[in-house]
Ligand SMILES: *Cc1c(COP(=O)(O)O)cnc(C)c1O
């Protein structure tokens, strides 16, 4: 077994039914194929050009996740094929995704990014903004996007207690959105009101903190370096 396959096996034994997204940014196509041979079909990328190139070269049954910060003017390049956009952090971006999805005659699944970390450099909506979005009907006009849940990144710190606190807060928000919807009795309704807002996926946890994230209720983890090894360069987006 290759070391990539071994690493995947090892992560999988620790995450139950959660979805593993192998974060392949900066890694070559041969490394992705090794993970593919080991059964992985979900891959995460941060940079649009790299994502487009890899999509072209690699097997068509791969589900490509855009996990990095996405600029509105680049949405058009990934709209034809992207499986899930994790980092939706503004209504303006959502509007553009909706527009490009319509052009491609499809509905694009998205996660709203929650800003929970202490760093100001992180992107995302604050928890109270997300509650407001789920309550309002302001997104009804977006018929070509489907919000499927939340994504977050914990603080970049060694302080486990801090990260755990953040993860639990996002999990609580995730459950709150779910029950709000259930209360309104809209789980099974058509695409009206906030039926296009679902709380299915909680994308939380990376190489350094995925076990903690799973413990805190994550059902989708994004793991890169633990599978493919350290990254030693950062291409331009
Ligand atoms: C790079 C990246 C990851 C993976 O990071 P690792 O620490 O290598 O597992 C996960 N999520 C996002 C948003 C990233 O940018």
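The values are calculated or read from the model by the stated rules, or taken from the named source; none is laboratory data. Remember, predicted model here, so these are calculated numbers, not experimental data. Note: ideal-geometry Cβ built from the backbone for every residue, glycine included; neighbour counts use all protein chains shown.
Annotation note: Cβ proximity below 8 Å between a residue of segment 1-16 that is crowded, with 16+ Cβ neighbours inside 10 Å and a residue that is assigned to a loop (DSSP other than H, G, I, E, B) and modelled with pLDDT of 95 or more (sequence gap 6+ or interchain) occurs for 4/38; 5/38; 8/38; 8/39; 8/40.
Test residue 73 against the criterion of being out of contact with any strand residue (DSSP E or B) (no Cβ under 8 Å at 6 or more places or on another chain), touching a residue at least 60 places away in the same chain (Cβ under 8 Å) and more than 16 Å from the ligand (Cβ to nearest atom), and give yes or no.
Details: out of contact with any strand residue (DSSP E or B) (no Cβ under 8 Å at 6 or more places or on another chain): yes; touching a residue at least 60 places away in the same chain (Cβ under 8 Å): no; more than 16 Å from the ligand (Cβ to nearest atom): yes.
So residue 73 fails the test.
Can you confirm whether residue 226 is within 16 Å of the ligand (Cβ to nearest atom), at pLDDT 95 or above, within 16 Å of residue 67 (Cα to Cα) and not in a loop (DSSP other than H, G, I, E, B)? Judged against the criteria, residue 226 is not a match. For segment 19-33, taking the residues that are surrounded by 14 or more Cβ atoms within 10 Å (Cβ to Cβ) and away from the ligand (no atom under 14 Å from the Cβ), the one that is farthest from residue 66 (Cα to Cα) is identified as 33. Scan segment 132-151 and tell me whether some residue there is within 16 Å of the ligand (Cβ to nearest atom) and over 26 Å from residue 97 (Cα atoms). The answer is no, given that none of the residues of segment 132-151 is within 16 Å of the ligand (Cβ to nearest atom) and over 26 Å from residue 97 (Cα atoms).
Contact map, segment 23-41: first residue closer than 23 Å to residue 13 by Cβ and without any contact (Cβ under 8 Å) to a residue 24 or more places away in the chain, second residue more than 14 Å from the ligand (Cβ to nearest atom) and not in a helix (DSSP H, G or I), Cβ cut-off under 6 Å, separation 6 or more or different chains; pairs are 41/62; 41/63. Pairing residues of segment 82-93 that are away from the ligand (no atom under 13 Å from the Cβ) with residues that are in a helix (DSSP H, G or I), at Cβ distances under 6 Å and at least 6 apart in sequence or on separate chains, gives 93/72. For segment 195-223, residues that are more than 8 Å from the ligand (Cβ to nearest atom), surrounded by fewer than 18 Cβ atoms within 10 Å (Cβ to Cβ), modelled with pLDDT of 95 or more and not in a helix (DSSP H, G or I) total 1. When restricted to residues that are over 18 Å from residue 110 (Cα atoms) and within 16 Å of the ligand (Cβ to nearest atom), segment 152-178 contains 9.
Within segment 57-88, can you find the residues that are in a helix (DSSP H, G or I) and surrounded by 15 or more Cβ atoms within 10 Å (Cβ to Cβ)? Reasoning before the result, please.
From segment 57-88, those in a helix (DSSP H, G or I) are 57, 72-78; that's our starting set.
If the condition is that a residue be in a helix (DSSP H, G or I) and surrounded by 15 or more Cβ atoms within 10 Å (Cβ to Cβ), then 72, 74, 75, 76, 77, 78 are the ones that fit.
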